[in-house]
């Protein structure tokens, strides 16, 4: 079990890991060892996540989410397979933690009367300044 929050945890059996060859630094090791990790989590599977969390995850994941609802994370930051694997799990947990947070409801507010007056006075002041910049006439 991978614990995300006290209320939310996912089964590690729902996560598929695939090890692929990584580009970048590593010398000859890059050509021989599959150190990059491709993590796949089926978020669309019934029971995997609560509906509100799933919807927020779809919005947060963007292009990392396939049309079928599978979240794909590539981890190739490190040279070792184990560190990349841990990095992929950490990034999944962080993304799910962010999706699990309920957004705060926006409370509508109105500007105060004093704020409206200040805004209008500022507009008048700017208008007068601009009017004073009029064209220069002959003889002045």
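Coordinate-derived values only; no laboratory data. What you see is a predicted model; the values in this text were computed from it and never measured. A quick note on method: Cβ atoms are made from the backbone with ideal geometry, for glycine too, and the neighbour counts reach across all protein chains shown.
Couple of notes before you dig in:
- Net length gained if the chain between residue 107 and residue 137 were fully extended (0.36 nm per residue, minus Cα distance): 5.4 nm
- Full extension of the chain between residue 20 and residue 121 yields a length gain of 29.9 nm, computed as 0.36 nm times the residue separation minus the alpha carbon distance.
- Treating each Cα of segment 28-116 as one equal point scatterer and applying the Debye formula with no solvent, the log10 of I(q)/I(0) at q = 0.10, 0.11, 0.20, 0.22 Å⁻¹ comes out as -0.40, -0.45, -0.94, -1.05.
- When you count the other C-beta atoms within 10 angstrom of each residue and take the mean per peptide, 93-105, 48-60 line up highest first as 48-60, 93-105.
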